[in-house]
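Down below is the structure, laid out as C-alpha cells.
The values are calculated or read from the model by the stated rules, or taken from the named source; none is laboratory data. Predicted, not measured: the structure shown is a model, and the values here were computed from it. We place every Cβ from the backbone using ideal geometry, glycine too, and count neighbours over all the protein chains shown.
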Amino acid sequence: MAYSMDIENAGKAVEIINQLAIFLRTARIHNISNSAVIAATDKFVDLVNELIDLEHTIVIEIRGEYLYFNANRIRYCPEHLLNLDYLIREFKKIEIGTIIIHSKISPEHIRIFIELFLKSDQSEAPFEYMRKGMSGIFCIELKKIQDISEDNFDRKKIARKTYFNAVSSYKDMFQKVRSDEKINLKKAKRIITSVIGQIIEQEQILLGITTIKDYDEYTYYHSANVSILSVALGRRMGMNHKMLIDLGMVSLFHDLGKIKIPYEVLNKPAKLSESEWSIVKNHPKWGVKSILKMRSLDPLTMNAALVAFEHHMNIDHSGYPQIKHRGELDLFSRIVSIADQYDAMISKRVYTKYPMSPDKALRELMEKSGDKLDSLILKFFVNMVGLYPIGTLVVLNSRELGLVYENNQEALHRPRIMIISDNNGNWISGPVVDLKEKNGNSGYLRTIIKTMHPKQYNINLAEYFL
Amino acid sequence: MEIHNELILIKNIIQGMQKAKKIVQIYPKNNPVYIKTLKDLSDQFNEFFQHSNLLQLHIAKNDILYDSESVYHDPEKHDNLALLFFKDGLRELTFKKGLTCKETEDFIKIIALDFERDIVEEDIVILFWEKDFDNIQYVVENSFLSEADDFEKEALNELQQEASGPDTLKEVYDEIFSEEDDDEKQEVILDITDKDLRLLLEELNNYALDKTEKYFNMLFELLSEAGKDHDYQDIINYFMAAISFSVKNGNLGAVTDVQEKLKQMIDDERTDEEIRKCAAKLLSFTGGYSIIELIGNMLNSGQEIEEKAFKRFFSLLEKDAILPFIKILGELKAMQARRLVIEALVYLGQKDISSIYSKLNDSKWYVVRNIVYILRKIGDIKTVPYLLKPLGHEDIRVRKEVIGTLGKLGGDKAVAALLECLKDPDMQVRKAALSALGNTGSAAAKKIIMEQISGRPFKEKSFDEKKLYFEALSRWKDEDVYAFLVKILAKKSFFITSKDYDNKACAAYGLGLIGRKEAVPLLNEYREISNKLLRNLHMLRFRG
C-alpha cells in the first residue's frame, strides 16, 4: 500500500472522492442508464485507472468523521463538504468502512456497484448484501465499518480527560485574571488542540460529555462547553486548524466579563431586578476590558475582545450591548452566540427547576433563526447536534425510555438511543439501539413520541456519558 | 538498503535539519544560502524515500532514535534538537514519502523560532498543529496538561452523589406515556445545500480579512459609553494600542478611518465634552512621536507603504506631528521614504511654519537641506529672514539649497541676499545665486544682473561665469533685456580684445535663449566673423 502521495496525486485523490459522490448522488436521482450517471461513472473510472498506475492500490476508508485516501486524510474544506458528508453518511448507512481498488476497473464494475448501492436500502443487512453482490468483482474489495465499541471505553476516558483538562485550565485562567496574574496561553492553546483532536476523532463522545450539567461551577463548565461546541461547529463548517484554534481560544474567553458581576447577582435564585439586569448586561464590555488587560494586542486578542463584546448582541442587534453603528457581527461571534445560548438553555441554573431539554432548546434556537441567530450557522449546528441532541431523554413508542447516544447524520430524527428502561418501567442499562432499525413490515421498530428532561426523573447523565 | 547506510542517511538528514534551522534564523528567504540549504535537505529526504516510505523518529530527551538506534545525541541543553522536541511533549516524529519542499521549509521555520522569547505564544506542537502537514505526523505526550487529575476526580465524585432515577419509576410510567407532548412538531429543512456552501465559502474567505476595522468600531462604541464608568483613560489606552498595532502592521487605512471619525467627533458640538477631549487626545496621538517613529521604522524596513493612505494619514494630522516627522527625517535611509515624509511636512508646515524654522539649526546637514526644501515648497515669503543663517551653512549642499529657495521665494530681501552670494568665492555658490536671481523674475534681480554685466570687474570673470550671467538674464524676455543684449553684440570698438568677444558671444547666446525672430539678421552678421568661439556659440543658439 502506498503511504503517501505527492501533491498532484493528492489532488487526484480529492477528485476521485468527489466523483464517487457525484455518481452516487446522480444515480440516486436519475436512472442508472441516464447519460449524466454514465458520464460521471466514466470519469470516475478514468481517474481511478490513471492513478492506479502510479499508486498500485487505492484505499478509500472512513475513520471517525473523516475519509482517508491511501492513508491520507482528505481535508475537510467547504468546497468538498457536501460530497464528503454525503459519502460518509451513505457509507455509514450501508456500513461500508473501506473500499479497496486493487487494479484497473471498468464502467461495468461501477455499474454493478451502483445497482447494489441503490438496492441496499431495502436490505436488512445492507453491507452483506453489497459484499455478496460484489464478490465476483475481484478488483474491488469492500470492508465493513469497524465496530468501535471495544475501544469505546478508552476513547471515553481520553475524551473525559480532555474535557476536564479544558475546564480545569479555564478555571485556573479565570482565577488568575481575577487576581491580575499572568496566564499561560501556551497551555490553553495546547488544551484547545487536544480538544480539537478529540472532536475530529470522536465528536459525538465529547459532545455527549458537554451535556452533563450537574456541576456547581457553572461558569467554568459553561465556558469550556461553549468552546467545545464552537470548535465542533467550526470544524463542521470546514475551518482549518489555525481558525479552529483561534475559535477555541476566543470562545473560551467569551464570558470573562462575568468576573466583575457580583456573586449574589450572578447566582441569584430568582428573577433579576432591573438594576441587577443592567449589571449583567455590562459583562460583554467588562469582558473586553479583562481580555485587553490580560494580554497585549494581536489578532487573537482582537478576535477575543470582539466575541466577548458581541456574543449577546443578536444579528438584528436586539440584544446587548446596544450600539450606535450597527454592522454585521463577526463570524466567530455568531458561532459563539449559538453555542452559548444552547449550552445556557440546557444547563442547570439556580433560578430554574429544570433546565430545558436539548431538543426544546434547539427548537427555541430555530425560532430565532434569521432574526437573532445566523440561519446558516444554525443549520450547521443542528446538523451537528441532531434534532434530538445527545443526552435528550426520549420516550419511545415501544414504551421504553432512552437517552440519545449518538446522532445519525443521514436521519437526524432517528438517532441512536441508549435504552434505560424497559417497557415495564424497569431500569436497565443499554442496549444502544438505532432508530433506523425497521421491523418486517417496513415500519420502524422504535420511534420517538416525545422528549422529557432527564432531571425530571433524576437521571444522572454522567452515568451514561462519562 | 542496508541498515548501516540507512542510518547514515538519517544522520545526514538530522544534520541537515540542524544546519537549515540555523540558516533560516540568519538569512532572508530569498538568499541563495537559504534556498540551497533547504533544497539540500529536501534532497536528503528524497534520497531516503527512494528506499522507504516512512521516516519514523522517536524522540528522547537527549537522543533521536531510529529503530532503537540513536541517530542523534546531544547531552547539552543549548541547541539540542532532541530536547527542543522533547520539552514540548513530542515523542515521535514521522516524515512520509511525498514530503514537499514547502512542508520541509515550514517545518524548519517552526523549529527555527526562538521559543524562549515571550512573544512566541505557541510551542512546537501548536505550530505543527496549525500547519496541519500532510506528510509530517507526530505523537505527543500531553501529561503536562493533566494537572487536572484531582479536578477530574472531584468533579466525578460530585456527579456520583447525584442519584440516578427514581425508585418509583413504575408508578409514574403510565403517566409518562399518557402525557402529550404539547410542543408543536415543526417541519425543518436542514439539508445543507450548494447555496449554503457558497455562502459559507464567502464567510470563510471574509474571515481572512483584517478585523482591525471591526475592532476600532467596537472601541468607538465603548468610547461613546465611557462616561458611565468614567473609564475614559482605559478606552484611550485601548485605542492607542490598536493604532500602534495597525501602524506596525502597515494598516494605515485603518488609522485614517479612525482619524476621520475622531475629527467628526471633535467637530460635532453635540458630542459630550469629555469624549471630545478624548478624541482630541487620540488624534494628537496619531501624530505623536511613538506613531511617527513606527512609520519611520516601517519606511526604513522597506515595507511597502500605500502612498494614497499615507497622504490621507498626514492630511488628518495636526501641527504637533511636525517635530516627530522631522525627527524621523534624520533617520530615514531610502530616498522614497524621505520624499514621502517631506511631502507630509510640506503639508503640515503650512499649519505651523515656525516649527519647521526651528529645525533649521539641526546638526545633520541633510536635515537642514530637507527643511530648506520644505520651506521652498511651502513658498511663504516670510521665510526669507530665517534662511539667511543657513545661507552661511558650512555644507555647500545646504547653501545651494538655500539659494535655490531664495530664488523661488523672491522678494527684495531674497534678492539682496543673492546679490551677496554673487561675491562668494565658491563658483558653485555664485552659479546657484545667478540661477536663483533669474528664477525670482523680479525687476530688482534683473537690474542687478545687468549692472553686474555692465560693471568693469565683469570683464575679468571667466567665460563660463559670464555665460551664466547672460543665461540668468535671458529669463527676462522683455524689451530691456533684448535691447541690452543687442547693444553688447553690436558694440564696436577699435581695440577689441578677446574679453570683448566673450561678452559678444554671451550676448548672442542670451539672444538665442530669448528666441526673438528680429534678432536673426543681427546674429547672421556675426556668422562670418573670425572669432570661432563666437561663431560656434551663436550658431549653436541659432539652431536651438
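Look at region A:242-298 and say how many of its residues are over 19 Å from A:Ile335 (Cα atoms), touching a residue at least 60 places away in the same chain (Cβ under 8 Å) and polar (S, T, N, Q).
2
Take A:Glu463 and decide whether it is of a type in the set (D, E, K, R) and within 7 Å of chain B (Cβ to nearest Cβ). Before the answer, list the steps.
Details: of a type in the set (D, E, K, R): yes; within 7 Å of chain B (Cβ to nearest Cβ): yes.
Yes; evaluated as a whole, the condition is true for this residue.
Which of the numbered conditions does B:Glu202 fail, given that it passes all the others? Conditions: (1) at the interface with another protein chain (Cβ under 8 Å from one of its Cβ atoms); (2) modelled with pLDDT under 90; (3) not in a loop (DSSP other than H, G, I, E, B).
Just one mismatch for B:Glu202, condition (1).
Restricted to region A:287-323, and to residues that are closer than 18 Å to A:Asp343 by Cβ and assigned to a loop (DSSP other than H, G, I, E, B), which residue is farthest from the other protein chains (Cβ to nearest Cβ)?
A:Asn314
Do we have A:Ile101 as modelled with pLDDT of 90 or more, buried (at least 18 other Cβ atoms within 10 Å of the Cβ), over 24 Å from A:Asn31 (Cα atoms) and touching a helix residue (DSSP H, G or I) at 6+ places or on another chain (Cβ under 9 Å) here? Let's see the steps before the verdict.
Values: modelled with pLDDT of 90 or more: yes; buried (at least 18 other Cβ atoms within 10 Å of the Cβ): yes; over 24 Å from A:Asn31 (Cα atoms): yes; touching a helix residue (DSSP H, G or I) at 6+ places or on another chain (Cβ under 9 Å): yes.
Spelling it out, A:Ile101 is indeed modelled with pLDDT of 90 or more, buried (at least 18 other Cβ atoms within 10 Å of the Cβ), over 24 Å from A:Asn31 (Cα atoms) and touching a helix residue (DSSP H, G or I) at 6+ places or on another chain (Cβ under 9 Å).
From the set of residues in region A:223-252 that are among the β-branched types (Val, Ile, Thr) and within 14 Å of chain B (Cβ to nearest Cβ), which is surrounded by the most Cβ atoms within 10 Å (Cβ to Cβ)?
Residues of region A:223-252 among the β-branched types (Val, Ile, Thr): A:226, A:228, A:231, A:245, A:250.
With within 14 Å of chain B (Cβ to nearest Cβ) added as a condition, the list becomes A:231, A:245, A:250.
Numbers: A:Val231: 30, A:Ile245: 25, A:Val250: 27.
This residue is A:Val231.
Would you mind finding the one in B:Lys413, B:Lys408, B:Lys447 that is free of Cβ contacts under 8 Å to residues at least 24 places away in the same chain and either basic (Lys, Arg) or farther than 21 Å from B:Leu513 by Cβ (or both)?
Within the list B:Lys413, B:Lys408, B:Lys447, the selection yields B:Lys447.
Which of the residues that make up region B:236-251 are over 12 Å from B:Leu282 (Cα atoms) and assigned to a helix (DSSP H, G or I)? Spell out how you get there, then give the answer.
If we filter region B:236-251 for residues that are over 12 Å from B:Leu282 (Cα atoms), which is where we start, we get B:245-251.
Listed by number, the residues that qualify are B:Phe245, B:Ser246, B:Val247, B:Lys248.
For region A:77-149, which fully contained helices (runs of 4 or more DSSP H) count at least 2 residues that are under 30 Å from the mean Cα position of the chain (by Cα), β-branched (Val, Ile, Thr) and not assigned by TED's automatic domain parsing to the domain that holds A:Asn240?
Passing ranges, in order: A:78-94.
Quick check on this structure: which one of A:Gly440, A:Gly402, A:Gly425 is modelled with pLDDT of 85 or more and either within 29 Å of A:Lys353 (Cβ to Cβ) or not in a helix (DSSP H, G or I) (or both)?
From the options A:Gly440, A:Gly402, A:Gly425, the qualifying one is A:Gly402.
For region B:386-409, name all the residues that are of a type in the set (Gly, Ala, Ser) and closer than 13 Å to B:Val368 by Cα.
Once the filter is applied, which keeps residues that are of a type in the set (Gly, Ala, Ser) and closer than 13 Å to B:Val368 by Cα, region B:386-409 yields only B:Gly392.
Select from region A:262-289 the residues that are surrounded by fewer than 22 Cβ atoms within 10 Å (Cβ to Cβ) and in contact with a helix residue (DSSP H, G or I) (Cβ under 6 Å, 6 or more places away or on another chain) and write down the one among them that is farthest from A:Gly327 (Cα to Cα).
Going through the qualifying residues, I end up with A:Val265.
Give region B:178-198 a look and list any residue that's of a type outside the set (Asp, Glu), surrounded by 14 or more Cβ atoms within 10 Å (Cβ to Cβ) and at pLDDT 75 or above, or say none.
B:Ile192, B:Leu197 - these are the residues of region B:178-198 that are of a type outside the set (Asp, Glu), surrounded by 14 or more Cβ atoms within 10 Å (Cβ to Cβ) and at pLDDT 75 or above.
Quick one: B:Lys61 ticks every box in (1) surrounded by 15 or more Cβ atoms within 10 Å (Cβ to Cβ); (2) closer than 23 Å to A:Ser194 by Cα; (3) not hydrophobic (A, V, I, L, M, F, W, C) except a single one, so which number is it?
Just one mismatch for B:Lys61, condition (1).
Kindly provide the set of residues from region B:373-421 that are in a loop (DSSP other than H, G, I, E, B) and out of contact with any helix residue (DSSP H, G or I) (no Cβ under 7 Å at 6 or more places or on another chain), ordered by number.
As a first pass, look at region B:373-421 and keep what is in a loop (DSSP other than H, G, I, E, B): B:379-380, B:388-389, B:393-395, B:410-411.
The answer is B:Lys389, B:Glu394.
For residues that are touching a helix residue (DSSP H, G or I) at 6+ places or on another chain (Cβ under 6 Å) and touching a residue at least 40 places away in the same chain (Cβ under 8 Å), scanning just region B:19-40, find the one that is surrounded by the most Cβ atoms within 10 Å (Cβ to Cβ).
Applying the filter and picking the extreme gives B:Ala20.
Got a sec? Which helices (runs of 4 or more DSSP H) wholly within region B:37-135 have at least 1 residues that are at pLDDT below 90?
The qualifying helices (runs of 4 or more DSSP H) are B:81-87, B:124-131.
Assess whether A:Asp371 counts as being modelled with pLDDT of 90 or more, acidic (Asp, Glu) and part of a loop (DSSP other than H, G, I, E, B).
So A:Asp371 fits the description; yes.
For region B:272-300, enumerate the residues that are buried (at least 22 other Cβ atoms within 10 Å of the Cβ) and either in contact with a Cys (Cβ under 8 Å, 6 or more places away or on another chain) or not in a helix (DSSP H, G or I) (or both).
Listed by number, the list holds a single entry, B:Gly287.
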